[in-house]
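Structure, as structure tokens:
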């Protein structure tokens, strides 16, 4: 039997279920009889924060900055190139404007000096200055008229005053009476001052018939002036292109033509060349008159039709030719170009028909079967004689005009 007190062993047994198992002590130890307090099971100590491994998560994606960088760089380069181009164009425009302003300024200065020379009687210097003004700026106002006035004044100053008639003596040959030539010469100057070119040229012919050797250089200069201005008048105001070109070509035998007169002759030749292909080759007609219209749209011939009207009618004629061949889209372009020059109610239905056929894609095969109705020409359509090439050689001289070499 055990020496343990039963009263002490009862609570000991009751608390054994809550006690932590410990090693068995010797029976002789007095501590075994004491009650055992329940012990709380301790949790394992937590690891320090440094030893805890964070959960593995993917880093956020970085923005694609490279793409925006290159796009911004491209925009900057394009802006720089555009700015450079705009600056270049602006510089060119300023340079051209400065050159034009300088030319106008120089022409104005020389024109003012020419007026001073005229007032002072220095006609040779005034003529040179006016010729420079016309060469620099052909459109300078009143320069042509002033040049003509100076040339007339020079011709008048060169007219000698009648010398007193000396009493003839047997040992001297009598001085020839030149009063007839002087009167004719002065009559020529009066006709030129009134811009009566036909009468002036007729009087010059009479002067040459009377005395071929009378002031040949001066008379040649008067021939040049009269033929030059009469040729320009016939081309610009009378519509007589052939005779106008003839006069300018004759005046060129006495002296070199100025730029303005050369322009008149060239436009007249273009007009005649274009008219010579009327109703024969519309493409050539259009090519010639398209060059004339931007500069002298009102240039006309004896028929009375201006260059602008002939260009419009040529476009319509070429459009009819293309439509008849089934090329409706090209015909549409010709009709529309003609309508930009002047409204034409007669052309509108034909244009609409051609537009519809072009949109449907009809071609040459369809056009041959059912071509659109040709645009009826207006009553004012010019009728031309069979085409003839414009003569380019120098025409024969008119009787009585003998230029001095």
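Figures for the structure shown
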| quantity | calculated |
| --- | --- |
| Failed item in (1) within 30 Å of residue 134 (Cα to Cα); (2) out of contact with any helix residue (DSSP H, G or I) (no Cβ under 9 Å at 6 or more places or on another chain); (3) touching a residue at least 12 places away in the same chain (Cβ under 8 Å), with residue 288 passing the rest | (2) |
| Residues located in region 261-319, provided they are over 26 Å from residue 233 (Cα atoms) and in a loop (DSSP other than H, G, I, E, B) | 279, 280, 281 |
| Output for region 198-242, where each listed residue is outside any helix (DSSP H, G or I), touching a residue at least 60 places away in the same chain (Cβ under 8 Å) and surrounded by fewer than 16 Cβ atoms within 10 Å (Cβ to Cβ) | 212 |
| Test: residue in region 268-281 that is modelled with pLDDT of 90 or more, surrounded by 22 or more Cβ atoms within 10 Å (Cβ to Cβ), within 30 Å of residue 188 (Cα to Cα) and in contact with a helix residue (DSSP H, G or I) (Cβ under 9 Å, 6 or more places away or on another chain) | yes |
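The values are calculated or read from the model by the stated rules, or taken from the named source; none is laboratory data. Here the structure is a predicted model, which means the values were calculated and not measured. Cβ sites come from the backbone with ideal geometry, for glycine too, and all protein chains shown count toward neighbours.
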